[in-house]
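The next block holds one structure in the form of structure tokens; read it before the comments.
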Amino acid sequence: MDRGYFARLAARRDSTALAMRNAMVRHVPLYGAQSSTQQVALLGEIHDTWRPVLKQAAKDEPLTEADLEPYRILGRNRGMKSFPLGELRAGFEVAHTTGLRECLSMIEPGDGGASIAFTAWGVRELPRIMSTVESAYARACGTAGDRSQARQLLMDRLTQGRPAGDVASALGMELPSGYLVLLCKPRVDRPDCGFRGGLPTRRLESVPGLLWQADHASGGLLVLLPAHAGAAAARATARGLVTSLVTALGRRLSAAEAHGATLDDVPAALHEARQSLALVGAMPDAESRPYGADELLVELAVARQPAVRRKLAELLAPLQRGTDLQRTLEVLFDCGLDRQRTTAALHIHRRSLTYRIQRIRELTGLDPTTAHGIQLLRAALTATRLPATLPSPRG
């Protein structure tokens with residue numbers, strides 16, 4: 001690497017560290033709430049971790065184990081204090097971005113490829129640095145800190161396809177050969193409702209090795225169930241878990257599952273489960289149980305063919321002429337075509353339901369009491385309820 005460029009980096013090391021500390025204080029709430037004494041200590045940490053970076057980057061050599069020790073100390077300190085994992089990562093990202101920006105601002109004509117080489121070095125070493133911090137953090141959480149933070153880290157590693165053995169070891173856990181990915185969310189008119197009533201954590205904690213957290217991509221609950229020898233036992237557990245959640249929360253759920261046969265398969269299984277959950281949420285007659293992708297082939301075919309989807313949705317357009325006709329059709333399917341349950345759910349008389357079904361038949365030309373009519377009307381309702389963009393099975 002160009003010595004002139006590196007000399008400038010070294011000369012402005014203190015100002016760069018200060019800029020990194022100030023950015024963390026401004027942008028990460030927990031750092032911003034620290035006392036002045038703690039912020040001075042934070043600046044010292046940044047100096048300790050920044051020094052080996054400049055030294056090894058100048059030689060274009062990887063960080064040694066001794067160079068990584070300040071990062072272990074940082075991770076251990078955060079874990080011992082039960083520092084939230086999200087805040088730890090946010091601070092790391094803010095510091096890295098600020099430091100890189102400061103370094104790039106020092107480039108002068110004639111530096112050649114120095115900045116490119118420095119950036120390439122950072123790309124190579126940054127994953128090692130973050131892994132070192134996280135491993136030390138997990139060990140500290142596992143012994144004296146908040147174990148839930150270490151479990152979240154383990155789950156993140158698994159769902160991102162990153163090595164997770166060190167975090168599992170810190171928690172005293174043995175990783176299974178694979179996991180069954182379970183996603184579920186309340187079946188409500190507002191898709192962003194979430195689990196506002198809280199979760200029955202005792203039920204979740206009763207399953208050995210089970211991991212769970214919120215899944216922001218789907219707006220639901222993400223659960224990883226150990227699958228030691230195939231997925232049959234895990235699927236039975238998942239079904240029972242969903243039933244327990246329905247009972248505890250007092251509301252129906254949409255649920256989807258996918259099996260990651262190996263730990264490397266977990267990210268793909270998560271993407272598959274997210275797609276399946278979107279399809280289940282569109283079904284007018286979905287049960288409160290986990291659905292696999294193989295059960296959703298019709299819904300997937302509709303979702304993947306925009307022209308067919310539009311034509312199906314057009315079948316229901318005439319129902320807008322009648323009061324609550326589409327809603328009546330949705331409830332009819334939701335009640336398994338049982339008229340007694342449908343009238344109770346809609347709070348109407350049986351004769352009123354018969355009249356509405358007749359109007360649906362007249363307006364759409366489809367009879368919701370025949371197999372053909374049921375098939376098309378169900379597909380049409382699904383088409384109108386599908387999200388604008390279906391999650392990709394590969395993320």
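The values are calculated or read from the model by the stated rules, or taken from the named source; none is laboratory data. Please read all numbers here as calculations on a predicted model, not as lab measurements. Counting neighbours? That spans all protein chains shown, and the Cβs are built from the backbone with ideal geometry, glycine included.
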Subject >> Restricting segment 84-128 to residues that are among the charged types (D, E, K, R) and at pLDDT 90 or above, the residue that is nearest to Leu154 (Cα to Cα) >> reply: Arg89
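Determine which member of the set Gly44, Gly75, Gly32 is of a type outside the set (Ser, Thr, Tyr) and touching a residue at least 12 places away in the same chain (Cβ under 8 Å). So that I can check it myself, show each step before the final result.
Values: Gly44 fails: touching a residue at least 12 places away in the same chain (Cβ under 8 Å); Gly32 fails: touching a residue at least 12 places away in the same chain (Cβ under 8 Å).
None of the other options fit; the residue is Gly75.
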**OP:** Tell me the helices (runs of 4 or more DSSP H) entirely within segment 294-389 that contain at least 1 residues that are without any contact (Cβ under 8 Å) to a residue 60 or more places away in the chain, under 25 Å from Ala256 (Cα atoms) and under 30 Å from the mean Cα position of the chain (by Cα).
**Re:** 297-303, 306-315, 325-334
Original post:
So which helices (runs of 4 or more DSSP H) stay within segment 1-50 end to end and still have 1 or more residues that are of a type in the set (Phe, Trp, Tyr) and out of contact with any Asp or Glu (no Cβ under 8 Å at 6 or more places or on another chain)?
Top reply: 3-11
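Any residue in segment 28-44 that is under 14 Å from Thr132 (Cα atoms), loosely packed, with under 15 Cβ neighbours inside 10 Å and not polar (S, T, N, Q)?
Of segment 28-44, the ones under 14 Å from Thr132 (Cα atoms) are none.
No: segment 28-44 contains no residue that is under 14 Å from Thr132 (Cα atoms), loosely packed, with under 15 Cβ neighbours inside 10 Å and not polar (S, T, N, Q).
Among the residues of segment 226-234, is there at least one that is out of contact with any His (no Cβ under 7 Å at 6 or more places or on another chain), within 27 Å of Gly86 (Cβ to Cβ) and surrounded by 18 or more Cβ atoms within 10 Å (Cβ to Cβ)?
Taking segment 226-234 as the starting set, the residues that turn out to be out of contact with any His (no Cβ under 7 Å at 6 or more places or on another chain) are 226, 228-230, 232-234.
Keeping just the survivors that are within 27 Å of Gly86 (Cβ to Cβ) gives 226.
Then drop every residue that is not surrounded by 18 or more Cβ atoms within 10 Å (Cβ to Cβ), which leaves 226.
The answer is yes; a qualifying residue exists.
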Original post:
Which of (1) at pLDDT below 90; (2) part of a strand (DSSP E or B); (3) crowded, with 16+ Cβ neighbours inside 10 Å; (4) not charged (D, E, K, R) does Leu222 not meet, given it meets every other one?
Top reply: (1)
Original post:
From the list Asp264, Asp285, Asp294, which residue is surrounded by fewer than 17 Cβ atoms within 10 Å (Cβ to Cβ) and within 24 Å of Ala248 (Cβ to Cβ)?
Top reply: Asp285
Original post:
When only residues in segment 47-72 that are in contact (Cβ under 8 Å) with a residue 40 or more places away in the chain and loosely packed, with under 15 Cβ neighbours inside 10 Å count, which is farthest from the chain's Cα centre (by Cα)?
Top reply: Lys59
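Given Ala301, Ala273, Ala269, Ala278, which one is surrounded by 18 or more Cβ atoms within 10 Å (Cβ to Cβ), small (Gly, Ala, Ser) and modelled with pLDDT under 95?
Numbers: Ala301 fails: surrounded by 18 or more Cβ atoms within 10 Å (Cβ to Cβ); Ala273 fails: modelled with pLDDT under 95; Ala269 fails: modelled with pLDDT under 95.
Exactly one residue qualifies, and that residue is Ala278.
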